1. Can you give me the long-range amide H partners of Asp210? Hydrogens built in the peptide plane at 1.01 Å from N, cutoff under 5 Å, separation of 5 or more residues or another chain.
2. Exceeding 31 Å between C-alpha atoms, which entries from my cross-link table qualify? They are Lys112/Lys255; Lys172/Lys324; Lys88/Lys112; Lys324/Lys346.
3. Would you calculate the convex hull of the Cα atoms in segment 277-370 and tell me its volume per residue in Å³?
4. Any idea which of Ile259, Tyr58, Pro284 is furthest toward the positive side of the dipole for the chain, if Lys and Arg beta-carbons carry +1 and Asp and Glu beta-carbons -1?
5. Give me, ordered by chain and number, the residues 5 or more places off Leu27 or on other chains with an amide H under 5 Å from its own placed amide H.
6. Across segment 5-13, in residue order, what do the Karplus-derived ³J(HN,Hα) couplings come to in whole Hz, using 6.51 cos²θ - 1.76 cosθ + 1.60 with θ = phi - 60° and x for Gly and Pro?
7. If you place +1 on the Cβ of every Lys and Arg and -1 on the Cβ of every Asp and Glu, how big does the dipole about the Cα centre of segment 74-146 come out, in debye to the nearest 20?
8. Considering only DSSP states other than H, G, I, E and B, which GluC sites (Glu not before Pro) in segment 1-74 qualify as loop sites with at most 13 other Cβ atoms within 10 Å?
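Derivation of every value follows stated rules applied to the coordinates shown; laboratory data play no part. This structure is a prediction, so every number in the text was calculated from the model and none was measured. We place every Cβ from the backbone using ideal geometry, glycine too, and count neighbours over all the protein chains shown.
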Amino acid sequence: MDELSAVIVPLQFGEAMYEALRRLKALNKQYAPVRVDEELALPIYSETASLHSIEIPYRIEKVMFEHSPPSLNPHQQLKEVIQGFIPKGMEHILELIPTKWERLDDLILFPKEAFTQPVWDGIIQEKNDFFEQIAHVLQGRRVGRQQPIANDTIRSSQMELLLGDSGWVEVKDNGLFYGFDACKVMYSSGNVTERHRMGSLNVEGEVIVDAFAGIGYYSLPLLVHGKAIHVHACELNPESVKALNWAAEKNDVLKSITIYEGDNQSTLPQLRGIADRVLLGLLPSSEAAWKPAISTLKEQGGSLHIHMNVEEEHIEKWVEDTIKTCLTYAESEDRDWHCTDQHLEKVKWYAPRVRHVVLDVSFASSNSAS
Ligand SMILES: C[S@@+](CC[C@H](N)C(=O)[O-])C[C@H]1O[C@@H](n2cnc3c(N)ncnc32)[C@H](O)[C@@H]1O
């Protein structure tokens, strides 16, 4: 117990005073308020002038306070709420409660195995507000379960919506707005470092081709933060095209982006010789687009950002081979360029021993090198 200054108010003003002190940052939350007969004592840091702005009648006294109990973290809260649904004798299933989830807007997104074990079926059927309660305790309104990224070219997501009517989410990252239907479009939170790296490049005045634009995770930072003059964005998935249009409008860059819906094997050849920089953000490999991507570079050269999943021990060899391949493609375009690896970014682990890497390759005319 510790003796502290306290604001004392009649019980009926307790809640309003708690809020007022909290807003003034005067409330000492490390200690628990104490009821003394028909009054409430609220611990404060010190008697400051700002308290005079409070219109509720109060007095200040020294009071003995106990430390507040530690507040439950979201994992404990989730466990506690689920514990309330579980019949006696079945406590062993508490071990199956997911320990990870993501938040997208007000959607709580669990991993693909969450609540799929047969033992949950009866509980979920019986307790028909099971997911409402989970959303509530995690301060969300919708609940989803991630499905494996579909093995199709558009890497369409298959999120299953467990609570809510729509998968449309709006998120803000690095000062930019993105919106997409999480049931239909893939989202990877692991690419955050690469998104921010793209946003920190100085590309003022550059023309950029984004060969796999998705919902604009790289195009938008390059336009808004990097001040690129224009982005030509190629995208196959109509749902991502919708999302990209939405984000371009929301971030006020609609005029600086041209979207080419369809396979980049047919859209990239329309962009011959116009780009300073090309993004090749497709996993596990973007190799099929390297040749048409190189043909979009300006005559004086430019750079590529090549994404790839590579086994850790083969990264060095892959860099060497990639540079050789790029050079061959440049020669087949009749470009007299030399080609250098500028930087290798290790974005994340994709699988054990396999990394998602981005190789920045620069092309310049051989004359300018001498
Ligand atoms: C890794 S995802 C999105 C990456 C994107 N930079 C983002 O995070 O928003 C790759 C995207 O490439 C698109 N895509 C795949 N193959 C394509 C192709 N041949 N032509 C155009 N887009 C393609 C997919 O639909 C998907 O949206």
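1. His232, Ala233, Cys234, Leu279
2. Lys112/Lys255; Lys172/Lys324
3. Given the Cα convex hull of segment 277-370, per-residue volume reads 81 Å³.
4. Of the listed residues, the answer is Tyr58.
5. The list, which skips near neighbours in sequence, is Arg22.
6. For segment 5-13, the Karplus curve yields 5, 9, 8, 10, 9, x, 3, 5, 9 Hz.
7. Dipole about the Cα centre, nearest 20: 120 debye.
8. Counting only loop positions with at most 13 other Cβ atoms within 10 Å, the GluC sites (Glu not before Pro) in segment 1-74 are Glu38, Glu47, Glu55, Glu66.
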